[in-house]
1. Being among the aliphatic types (A, V, I, L, M) and either within 22 Å of Ala79 (Cβ to Cβ) or not in a helix (DSSP H, G or I) (or both) narrows it down to one residue among Ala225, Ala279; which is it?
2. Mind listing whichever residues of the range 166-188 are touching a Pro at 6+ places or on another chain (Cβ under 6 Å) and either in the same structural domain as Phe369 (by TED's automatic domain parsing) or surrounded by 24 or more Cβ atoms within 10 Å (Cβ to Cβ) (or both)?
3. Looking at the structure I just gave you, is Arg376 among the charged types (D, E, K, R), in contact with a strand residue (DSSP E or B) (Cβ under 8 Å, 6 or more places away or on another chain) and either closer than 30 Å to Ser68 by Cα or not in a helix (DSSP H, G or I) (or both)?
4. All but one of (1) in contact with a helix residue (DSSP H, G or I) (Cβ under 7 Å, 6 or more places away or on another chain); (2) part of a helix (DSSP H, G or I); (3) closer than 30 Å to Phe396 by Cβ hold for Glu315; state the number of the condition that does not hold.
5. Read through the list (1) surrounded by fewer than 24 Cβ atoms within 10 Å (Cβ to Cβ); (2) within 14 Å of the ligand (Cβ to nearest atom); (3) part of a loop (DSSP other than H, G, I, E, B), then give the number of the only condition that Ile205 fails.
6. For residues that are out of contact with any Cys (no Cβ under 6 Å at 6 or more places or on another chain), assigned to a helix (DSSP H, G or I) and buried (at least 23 other Cβ atoms within 10 Å of the Cβ), tally how many sit in the range 103-122.
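The values are calculated or read from the model by the stated rules, or taken from the named source; none is laboratory data. Given the structure is predicted, the values throughout are model-derived calculations rather than measurements. Cβ sites come from the backbone with ideal geometry, for glycine too, and all protein chains shown count toward neighbours.
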Amino acid sequence: MTGIAQRAQRVSPSLTLEITAKAKKMRAEGKPVVSFGAGEPDFNTPQYIVKAAERALKEGMTKYTPASGTDAVKKAIAAKLEKDNHLKYELNQIVVSNGAKHSLYNAFLALVNPGDEVIVPAPYWLTYPELIKLCEGIPVFVNTKAENDFKLTPSELKNAITSKTKAVLINNPCNPTGAVYSKEELCALAEVLEKTDVYVVSDEIYEKLVYEGGEYYSIAQHSPALKERTVVIGGVSKTYSMTGWRIGYTASSEAVAKAMGGIQSHTTSNPNSIAQYAASEAYSHSEGDAFLSDMKKTFDTRRKFMIERLKKIPELEFVYPKGAFYVMLNVAHLFGKSTESGKKLSSAYDVATELLAEKMVAAIPCESFGAPEYLRLSYAISLDDIKTGLERIADFISSLA
Ligand SMILES: Cc1ncc(COP(=O)(O)O)c(C=O)c1O
């Protein structure tokens, strides 16, 4: 590829987009496709937040703000971190960015030197390795085990740390597995990390979507020393169904925040001023708690339905989901089988492609998520669609020979 920088060439194209684009096209042609591809809550942003944005516009909050965010939004985030996570941060430790994805990119840009290793437990959200590669770091994948619910264990972490390890990525709850780490599991990882100088990038974007559980625990809570080396990543996208507003944040040591703020001041300047105001209001009102509790209840009903229905499909194994809004299905037992139209399945990508072509169900093949034997199904869709979609998946599996 002449002219294109190596860093850009290292970025992998997304298989996810290919399947979802196909599904969209089929829908546009009038086909009744059920798509389990959604990566965002299927709820409207609550009205009190929309109204806040209208106020911001009317009151002229339409100019540049400080590059790392206004004091108002930082105060709201600091108050949230203290109330929900028992973590105390000063305003100069918080950087507000264009979504948690941007926050993650800032974190890797601030921490990773060329050749530095970043430990990424697999399965992982497909963006992490690409961001690390863009920063000229090396993603080091640790294949976690199904019997541990795909959670990183202290010994796996210990074995993966080398003299080049700069950071470890913890995504809790996890996209795509839906796994949730307990306080004890995180503390055991923290104890390994405390004996090193490795940083933690803790992606907590799904923290409010934990089912069956007690209080959410952030690894940054473990000790002041580890908190100093942890970059907590959060945002409003999944919490208040604000994916399009693009507000995420980091909470970190002052030094790391200063580095990220400096980078952001030259790359994007401040995130959208109106969205910042709306986000500060999102965190500050009790309507937010009511919205969240409703949304969580709805997701939980769908999650339970999926678990019960999937259990009835013979030989189908899935990862029992406890957080976020995803379920991963193991489709390795279908490899080698053929569809009614004679297509042989030899990968999760094949299964997803044929499932869409034959039964009009879109699911995400997890090759790019470090889980090549799995499909990811999102339950951020209606219960009716879930019911129809799972019936079709059951039909598809039983039709294979
Ligand atoms: C694990 C994880 N982290 C971060 C993000 C990005 O969120 P945002 O919309 O705030 O950029 C996503 C979005 O899908 C995600 O799944």
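1. That would be Ala279, the only listed residue that is among the aliphatic types (A, V, I, L, M) and either within 22 Å of Ala79 (Cβ to Cβ) or not in a helix (DSSP H, G or I) (or both).
2. Of the range 166-188, the ones touching a Pro at 6+ places or on another chain (Cβ under 6 Å) are 176-178, 180, 188.
Those that are touching a Pro at 6+ places or on another chain (Cβ under 6 Å) and either in the same structural domain as Phe369 (by TED's automatic domain parsing) or surrounded by 24 or more Cβ atoms within 10 Å (Cβ to Cβ) (or both): Pro176, Thr177, Gly178, Val180.
3. Numbers: among the charged types (D, E, K, R): yes; in contact with a strand residue (DSSP E or B) (Cβ under 8 Å, 6 or more places away or on another chain): yes; either closer than 30 Å to Ser68 by Cα or not in a helix (DSSP H, G or I) (or both): yes.
Yes, satisfied.
4. Single failed check for Glu315: (2).
5. In the conditions (1) surrounded by fewer than 24 Cβ atoms within 10 Å (Cβ to Cβ); (2) within 14 Å of the ligand (Cβ to nearest atom); (3) part of a loop (DSSP other than H, G, I, E, B), Ile205 misses (1) alone.
6. Within the range 103-122, residues that are out of contact with any Cys (no Cβ under 6 Å at 6 or more places or on another chain), assigned to a helix (DSSP H, G or I) and buried (at least 23 other Cβ atoms within 10 Å of the Cβ) number 6.
Here is a yes/no grid of residues against (1) within 15 Å of the ligand (Cβ to nearest atom); (2) in contact (Cβ under 8 Å) with a residue 40 or more places away in the chain; (3) surrounded by fewer than 19 Cβ atoms within 10 Å (Cβ to Cβ):
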site	(1), (2), (3)
Glu212	no, yes, yes
Ala225	no, no, yes
Val231	yes, yes, no
Arg246	yes, yes, no
Tyr249	yes, yes, no
Lys258	no, yes, yes
